[in-house]
Protein chains: 6
Amino acid sequence: MTSDKLQSISRFPVPSLDEMPEDIRARIEAVQEKSGFIPNVFLVLAHRPDEFRAFFAYHDALMEKPGNLTKAEREMIVVATSSANQCQYCVIAHGAILRVRAKNPLIADQVATNYRKAEITEKQKVMLDFAMKVSRQAEFVGEQDFELLKSNGFDEEDIWDIAGISAFFGLSNRMANVTNMVPNPEFYSIGR
Amino acid sequence: MTSDKLQSISRFPVPSLDEMPEDIRARIEAVQEKSGFIPNVFLVLAHRPDEFRAFFAYHDALMEKPGNLTKAEREMIVVATSSANQCQYCVIAHGAILRVRAKNPLIADQVATNYRKAEITEKQKVMLDFAMKVSRQAEFVGEQDFELLKSNGFDEEDIWDIAGISAFFGLSNRMANVTNMVPNPEFYSIGR
Amino acid sequence: MTSDKLQSISRFPVPSLDEMPEDIRARIEAVQEKSGFIPNVFLVLAHRPDEFRAFFAYHDALMEKPGNLTKAEREMIVVATSSANQCQYCVIAHGAILRVRAKNPLIADQVATNYRKAEITEKQKVMLDFAMKVSRQAEFVGEQDFELLKSNGFDEEDIWDIAGISAFFGLSNRMANVTNMVPNPEFYSIGR
Amino acid sequence: MTSDKLQSISRFPVPSLDEMPEDIRARIEAVQEKSGFIPNVFLVLAHRPDEFRAFFAYHDALMEKPGNLTKAEREMIVVATSSANQCQYCVIAHGAILRVRAKNPLIADQVATNYRKAEITEKQKVMLDFAMKVSRQAEFVGEQDFELLKSNGFDEEDIWDIAGISAFFGLSNRMANVTNMVPNPEFYSIGR
Amino acid sequence: MTSDKLQSISRFPVPSLDEMPEDIRARIEAVQEKSGFIPNVFLVLAHRPDEFRAFFAYHDALMEKPGNLTKAEREMIVVATSSANQCQYCVIAHGAILRVRAKNPLIADQVATNYRKAEITEKQKVMLDFAMKVSRQAEFVGEQDFELLKSNGFDEEDIWDIAGISAFFGLSNRMANVTNMVPNPEFYSIGR
Amino acid sequence: MTSDKLQSISRFPVPSLDEMPEDIRARIEAVQEKSGFIPNVFLVLAHRPDEFRAFFAYHDALMEKPGNLTKAEREMIVVATSSANQCQYCVIAHGAILRVRAKNPLIADQVATNYRKAEITEKQKVMLDFAMKVSRQAEFVGEQDFELLKSNGFDEEDIWDIAGISAFFGLSNRMANVTNMVPNPEFYSIGR
């Protein structure tokens, strides 16, 4: 059974929890327990269980892995590139996570509007310049980008991480824009 | 051990088969048996096993699933959007697959250069117009796009498929451009 | 005397209140009394008293005048066009005012990210489409735009208002980006 | 009373001189006496007296103020940025003023078409590069722009002037394009 | 012998008349006799005699041929597309020819700045819209363009003419920008 | 007599060989003898004999002339710029010629998709960067481009050649897109 209320968060049918495969329901319930609510991306993508599994496996492989980039920095990449892609869900949901990760109530709005003017380090701006280039014109990425990043203290694995996060959320932004994914009201005020 | 020869297909380290986790090696060997060679995308992405698994799970969920879009049509989407993203690996590798799927030696070059002039149906051009909009300006996708697609015979699930393939290969194109992924020479002549 | 602290809100010198001409200081003190703080745009532009006077006279002529557009709608125009211009000061300061005017804590982030997906009326989206056209490609504005607006219930004076607000904040966005005008921390949370 | 003839210079109603507030009529009559005709911008904007007053106050604050930029240089900024904005009124009217100020009958057409090829100094090209950046992509203005300008002999106040003129005429260009403001025939030949 | 004076009209060597092949000198002398001066395009392109001959043969085949488009309309196409390509030589030289052909001293500046606001017929604006599409995004030209043109009274041969002129002057604009071809001072005032 | 079959290679009438002027038929028969088939560009452009003659005279003046650029390099310029212009005929026909000239079956697909990643020399990439700048934004060509090319071993005549080929095929691309010129099937496999 698909409720009317749930459908309004997506252009596509949204399954109820008891319609979902067991593993997907379990993941969603775990998130709900931790966050106090179910972020709509879980419900919207559950329309396609195999894609749901791949999507979150990819997400976790990039966002939960160990590495030099802090969790706040990873969220900065999400917010900056999602803003350029005008993805309402990602900017608002990951804006909340960025505020929490960075323990800074102002940073998400700054990065979303114009990261070049945000109160972040010069190294972080170099990181976001590269994330934006991957997002908007990856065909021009070349040796000079790798050299600039390395001279700013990023190693090869960091570069893959930045590119991977930018590329993965490019996918996420497109699906959110096509499905008309609606951000949960909770996200707007978290971490402020 | 990472061989020099393998590294030249990527800016990043490329693991040898015996360095890879068992499941990844098994998948690659199965592909090699079927195709007669190992497409470089498998070797390049094996540098990151978790991302490799998610990437190919996502790929299969979109490209191997049942559905109304033919396999040739799915490859048309890949070739058209990858060409706009100037992704050498995806245009050349999926161009080969498109020629095979469509049993048409001319179609891939036509779709890559300007799909509006390709010898495909008007319905397929509508499909590719939408795939391109998802790829290049998903922020403008709205009700009028859904109506146009439906009036051309696509149903809601087809629309998700088109969007999903366009979005997923947008990710793939960006990773290929950043890693400098090199297409295998075999792809250039397959299906001609 | 120009304090170090004040200078950090602008790339240019920022006068102290007692350095300012009497009329400008009076206006600023009135704002401070009403708002509880001095929005930085007043301090940054006070570097040029004549331009300050013209700027706020223009602002008031558009934003305080009677007319069919509600005050919330005028702020929507400011937020949508300033976001396209990546103006941090205007998006954050006028986002706050929009939340207050619309009595809606969610609306500013929605309009800033992608107004096409915001929870506003279809008529308001038509208004913002036109405001964006004025902001980004006014050279293409023609009869068909006027007809569309009129068929959506806007009269000639409303159209001038929309255009005027979009054009005026285009000026404001450029000055804020060049001066590196910093939004006051207070704005981030007002109306949430 | 609004005459048909006057209306043809604007999409909006154009007041006759005796309908205008005293101060506006006085300003217009002073211009007419000096120029021998009334530039249409005065008549078109008189439709909104408060905006008219603010507009010309802003104009004078930038174009009549003392400063290092010559009057011809200020007009070069107007012509170059207005041409990029495809504003017929501003290119033609300020092209005339530029020819007069520079005492050079060829300069306006050169600056309007491609200022990079105009017969102006290298320093003036640096000035126009910055004016164009403010006009087209102010979000990218940063420290390196200030350094380049300073190393070419511009001081901080000159930079504000360039930015202010570019930003103000961006507003003017947008209003002229929306109102369909028609340049007076006199402007085409002045100074040739 | 190549004179210093002549070289200043091009980045490349400019031959003197007596260095030129007989047929090229004859053509140039005929133009000089008719116009009273030698338009610089003849001198600059004479650096490459074979290209010179092909260039002017192509020019004449489009601009001197019989056909439904008036000579003034052909020049409108040149001026509008050359302005979009920021070609100083072509806008200024063909602006002069347009004024003469149209017997209208104002038209060239209007078409160069924003042909959508020029005092030309609606049919001529449709013609220029198509010329601009050929010039800027010919890859999108399709049946709907042909239908629109035909419904506005253009036949198939007119469409080829519009496209040919737009395409040929695209070549001319690029060569003029690369050679830094300087317009003769005479052009600025002809026909005003 | 115009056959139906021939018309399908163009939106415009295509003359039969015996309808053509003698010199044009002779040239086409010579090409047919050499190539084994008649490339469609000859048939499509024969609709306009004078333009045909000028077109191929210009073509030969650039592509057959002696000079430092190898024939393969000239074809690289054609393929890279025609791909950016999305010209199906030119990419496919000149891709075949490039494979033959370079004796390399892989090079055309690489240059068409993203020449920055093609297996060509650094010097050839500098050449293509300039050809692309001439093709896409010739208005920005300036001294620094000439200096870069010269420091990479190109002389003044080479620079003219690169610009000329880029500009000429820009014309060709536009005519092919407007006429809907269809590449001969033979081209797809030549040189693979």
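So what is the relative contact order for chain B, in percent, with contacts set as C-alpha pairs under 8 Å and at least six apart? Walk me through the numbers before you get to the answer.
Numbers: 231 pairs, mean separation 55.7, N = 192.
Reported relative contact order: 29 percent.
Determine the dipole magnitude for region E:16-63: charges of +1 sit on the beta-carbon of Lys and Arg, -1 on that of Asp and Glu, nothing else is charged, the reference point is the Cα centre, and the result goes in debye to the nearest 20.
On the way: 5 positive and 9 negative charges, 34 e Å.
Here region E:16-63 has a charge dipole of around 160 debye.
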Need one value: the accessible area of residue A:123 in square angstrom, 1.4 angstrom probe, rounded to the nearest 10. 90
Mean per-residue count of partner chain Cβ within 10 Å for E:147-153 equals 0
Which whole-Hz ³J(HN,Hα) couplings does region F:74-88 yield from phi under the Karplus relation 6.51 cos²θ - 1.76 cosθ + 1.60, θ = phi - 60°, glycine and proline marked x? 4, 5, 4, 4, 4, 5, 5, 6, 5, 5, 4, 8, 6, 9, 4
Let's see if you can work this out: charge +1 on each Lys and Arg Cβ, -1 on each Asp and Glu Cβ, no other charges. What is the dipole magnitude of the protein assembly as shown about its Cα centre, in debye to the nearest 20? 0
If Lys and Arg each add +1 and Asp and Glu each add -1, what is the summed charge of the other residues whose beta carbon sits under 11 Å from the beta carbon of residue B:101? +2
Label-to-label distances across copies for residue A:31, with labels 7 Å out along Cα→Cβ, in nm, shortest first? 2.8, 4.2, 5.9, 5.9, 6.8
So, in nm and shortest first, the distances from residue B:137 to its counterparts in the other copies, with label points 7 Å along Cα→Cβ, work out as 0.6, 0.6, 1.8, 1.8, 1.9
In terms of Cα to Cα distance under 14 Å, which aspartates and glutamates are near enough to residue C:103, apart from those fewer than 8 places away along the same chain? C:73, C:75, C:119
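Which net charge results when you count Lys and Arg as +1 and Asp and Glu as -1 among the other residues whose beta-carbon is under 11 Å from that of residue E:132? Spell out each step's value before the answer.
Working: positive: E:116, E:125, E:133, E:136; negative: E:129.
Within the 11 Å Cβ shell, the charges total +3.
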Chain C to chain A by rotation: the residue of C with the beta carbon nearest the axis and the rounded distance in Å are C:192, 3
Over region F:84-139, what percent of the accessible surface lies on carbon and sulfur atoms, probe 1.4 Å? 49
Can you give the average number of partner chain beta-carbon atoms within 10 Å of each beta-carbon in peptide B:106-115, as a whole number? 6
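Could you report the buried accessible area between A and B, both sides summed, computed with a 1.4 Å probe and given in Å² to the nearest 100?
Values: alone 10210 and 10190 Å², together 16410 Å².
In total, this chain pair buries about 4000 Å².
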Taking θ as phi - 60°, what are the ³J(HN,Hα) couplings along region C:178-192 by the Karplus curve (6.51, -1.76, 1.60), each to the nearest whole Hz, with x for Gly and Pro? 6, 7, 6, 4, 9, x, 5, x, 4, 4, 4, 10, 4, x, 8
From the phi of every residue in region E:161-168, what ³J(HN,Hα) in whole Hz does the Karplus formula 6.51 cos²θ - 1.76 cosθ + 1.60 yield, where θ is phi - 60° and glycine or proline is x? 4, 4, 5, x, 5, 4, 5, 5
Run through the other copies and list how far each one's label point is from that of residue A:59, in nm with one decimal, shortest first; the point sits 7 Å from Cα along Cα-Cβ. 2.3, 4.1, 5.5, 5.5, 6.3
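Tell me the mean residue ellipticity at 222 nm calculated for the protein assembly as shown from its helices only (DSSP H runs of n ≥ 4, each -39500 (n - 2.57), averaged over every residue, nearest 500). Present the calculation step by step, with values, prior to reporting the outcome.
On the way: 60 runs with 750 residues, N = 1152.
That comes out to -20500 deg cm²/dmol.
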Just by accessible area at a 1.4 angstrom probe, what is the order of E:122, D:19 from largest to smallest? E:122, D:19
With the charge dipole of chain C built from beta-carbon charges (+1 for Lys and Arg, -1 for Asp and Glu) about the Cα centre, the Cα from C:185, C:79, C:98 projecting farthest to the positive end belongs to C:185
Would you list D:128, B:106 from the most to the least accessible area, probe 1.4 Å? B:106, D:128
Rounded, prolate or oblate: which fits region E:71-189, taking a ≥ b ≥ c as square roots of the Cα gyration tensor eigenvalues, rounded meaning a/c under 1.5, else prolate when a/b beats b/c? oblate
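When only C-alpha pairs under 8 Å and at least 6 residues apart count, what is the relative contact order of region E:1-105, in percent?
Working: 73 pairs, mean separation 17.8, N = 105.
It comes to 17 percent, rounded to a whole number.
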Between region B:42-106 and region A:59-91, how far is it from one alpha carbon centroid to the other, in angstrom? 25
Net charge of neighbours whose Cβ lies under 13 Å from the Cβ of residue C:18, counting Lys and Arg as +1 and Asp and Glu as -1: -2
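The values are calculated or read from the model by the stated rules, or taken from the named source; none is laboratory data. This is a predicted model, so every value here is computed, not measured. Counting neighbours? That spans all protein chains shown, and the Cβs are built from the backbone with ideal geometry, glycine included. Side chains included, ligands, DNA and RNA excluded: accessible areas come from the protein's heavy atoms. Shrake-Rupley method; radii C 1.70, N 1.55, O 1.52, S 1.80 Å.
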